[in-house]
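One structure is given below, encoded as structure tokens.
Values in this text are rule-based calculations from the coordinates and carry no lab data. The shown structure was predicted, so the numbers you read here are calculated from the model rather than taken from an experiment. In this analysis, Cβ positions are derived from the backbone assuming ideal geometry, glycine residues included, and neighbour counts consider all displayed protein chains.
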Amino acid sequence: MASQLNFKELQELAAEILGIDPDQVQMDKSFQRDLAADSLDLVELIAAIEDKYDVELPDSELENMKVIGDLWKFLEQKTAERLEA
Amino acid sequence: MAITTSYRTRSDAVPLRSFKAKGRPSAIAGVGVHAPEKVITNLDLEKMMDTSDKWITERTGIRRRHIAEPGTTTFELATGAARSALKAAGIAAKDLDMILVGTSSPDGPFPSVACRVQNELDAPGAVAWDTLAACTSFVYALSIADSFIATERADTVLVIGAEVLSRMLDYSDRGTAVIFGDGAGAAVVRAAPKGAGFLSWCLGSDGRGYAQVTCGNIEKGAYAAKDTQPFIDMVGPDVFKFAVDIFIRQATEVCQTAGVALDDIDLWVPHQANFRIIDAAARRIGLPMERVAVNIDEYGNTSSASIPLALEEAVRKGRVKSGDHVLLAGFGSGLTWGATLMKWA
């Protein structure tokens with residue numbers, strides 16, 4: 001079952017995969033510049049998010065994910081779509 | 001640390017096929033390897049192209065790779081591995097019923113590498129052929145060996161994974177040139193007592209992903225044309241995602257089919273494509289790295305040779321004992337994948 005959307009959970013998941021402190025994971029932080037995440041880190045994080053929140057991020061959208069906020073917005077949107085359905 | 005979220009299958013993923021081993025059981029009786037002596041380190045590559053030791057190590061886990069001298073053939077490496085596997089198994093070449101070589105870098109379209117190995121070993125009468133499934137070739141070939149032994153059409157089969165990939169590398173492409181290496185590994189597979197050896201298999205292919213890893217101009221059939229050099233080309237992030245995915249699904253499938261818990265895997269020998277893929281999958285499967293065979297730092301990605309190279313090292317270092325559950329799992333261009341769970345004889 002899909003988990004309820006919770007930013008703290010996203011922080012913890014991202015921190016675990018990127019090997020950083022959860023507090024560093026903030027909306028305006030850039031994956032590449034601020035969190036030193038390379039393309040493979042991002043793919044791994046997205047795979048974990050897909051599992052945890054039962055969503056799917058098309059590969060084509062991957063390059064639009066620049067900051068944590070982009071990922072959060074995507075998750076919010078998916079959650080809203082699910083509530084409407 | 002294991003990531004504890006439950007695993008979710010992507011909507012476009014194909015259902016997996018898995019089989020419980022049937023008929024007469026078969027098991028690996030001995031393994032052997034042969035790698036070229038020449039080693040190219042990341043520091044050597046720094047001098048050849050715009051890359052760095054740090055970049056390569058962080059993204060792939062590779063520090064060195066063995067590279068064949070120009071003119072070295074795939075069948076020479078294959079024969080070296082074959083001889084050492086026969087010795088380890090205590091089998092004479094004349095007792096072989098089949099010789100199967102998994103390779104994506106044969107020395108020519110024909111004859112097969114397997115027939116040249118047969119000639120070198122002086123094992124006339126054995127059936128010999130090559131299996132091409134990119135990095136999955138070794139597992140596919142093992143599954144053929146198991147099938148022939150199960151149906152009593154063969155008693156003793158030599159399975160080899162051998163590659164000289166360096167001749168397919170474009171040294172101006174730092175995305176691929178740093179990854180691949182050369183080498184060979186072999187296993188002697190023999191009929192085994194009930195309850196030992198291969199327990200289950202998961203094999204599959206998904207041609208929708210054919211363009212993710214290619215070699216040469218496949219749309220023009222230019223592999224053999226004189227004016228084209230066939231180079232390996234790869235869509236990195238797509239392969240990464242597929243690979244982690246298929247590693248997790250295959251492990252789950254073969255274990256379920258054999259009735260063995262994931263926790264009871266004593267050693268996982270994954271195809272050594274990228275340390276990050278292995279690490280990501282191991283964490284999701286819940287396997288600590290002490291139970292994963294990794295030697296990509298030494299060899300890079302040697303395609304069909306990587307699983308036997310890693311298995312032989314684990315056996316030599318005493319990491320595998322009789323009765324252990326050993327999981328072999330590969331994936332590669334095609335797309336293809338294959339895994340088997342065995343009880344070490």
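Observations
- Using equal-weight Cα scatterers in the Debye expression, the normalised intensity of the stretch B:32-113 in log10 at q = 0.16, 0.20, 0.22 Å⁻¹ is -0.79, -0.98, -1.05.
- Modelled label positions at B:ASP206 and B:ILE218, each set 7 Å beyond Cα in the direction of Cβ, lie 1.5 nm from each other.
- Kirkwood's formula applied to the C-alpha pairs of the protein assembly as shown gives a hydrodynamic radius of 22.3 angstrom.
- MRE, 222 nm, helices only [DSSP H, n ≥ 4, -39500 (n - 2.57), over chain B, to nearest 500]: -9500 deg cm²/dmol
- Relative contact order (%) - criterion: Cα under 8 Å, at least six apart; region: the stretch B:196-343: 37
- Listed peptides A:46-54, A:21-29, B:80-88, B:133-141 by packing density, highest first (mean Cβ within 10 Å): B:133-141, B:80-88, A:46-54, A:21-29
- Hits among lysines - C-alpha to C-alpha of A:LYS73 under 19 Å, sequence gap 8 or more where chains match: A:LYS8, A:LYS29, A:LYS52
- With the convex hull of the Cα atoms taken as the outline of chain B, the averaged projected area works out to 16.5 nm².
- Charge tally around A:ARG33: other residues with Cβ under 15 Å, Lys/Arg +1 each, Asp/Glu -1 each, net -3.
- Note on B:LYS22 and B:ASP266: the extension gain reaches 85.6 nm, defined as 0.36 nm multiplied by sequence separation minus the Cα-Cα distance.
- Per-residue shielding of B:237-248, expressed as the average number of other chain Cβ atoms within 10 Å of the residue Cβ, stands at 3.
- Counting only Cα atoms, the size of the stretch B:15-154 along its three principal axes is 54, 41, 30 Å, in decreasing order.
- Environment charge at B:PRO193 (Cβ cut-off 12 Å; Lys +1, Arg +1, Asp -1, Glu -1): +4
- Of B:PHE110, B:PRO193, B:GLY318, farthest towards positive along the dipole that unit charges on Lys, Arg, Asp, Glu beta carbons give chain B: B:PRO193
- If you wrap the Cα atoms of the stretch B:212-345 in a convex hull and average its projected area over all directions, you get 9.1 nm².
- Centre separation in Å (Cα based) which lies between the stretch B:169-225 and the stretch A:1-58: 32
- At an R0 of 30 angstrom, the distance between the Cβ atoms of A:ARG33 and A:THR79 translates into a FRET efficiency of 0.65.
- Anchor B:LYS22: lysines whose Cα lies under 23 Å away (excluding residues fewer than 8 positions away in-chain): B:LYS194, B:LYS343
- Computing FRET efficiency as 1/(1 + (r/R0)^6) for B:GLU69 and B:SER11, where r is the C-beta to C-beta distance and R0 is 41 Å, gives about 0.30.
- By the helix-only formula, in which each DSSP H run with n ≥ 4 contributes -39500 (n - 2.57) and the sum is divided by residues, chain A has a 222 nm mean residue ellipticity of -17000 deg cm²/dmol.
- Positive-end residue of B:SER11, B:GLY161, B:LEU86, charge dipole of chain B with Cβ unit charges: B:SER11
- Positive-pole candidate from B:PRO230, B:THR51, B:GLN212, dipole of chain B, charges at beta carbon: B:GLN212
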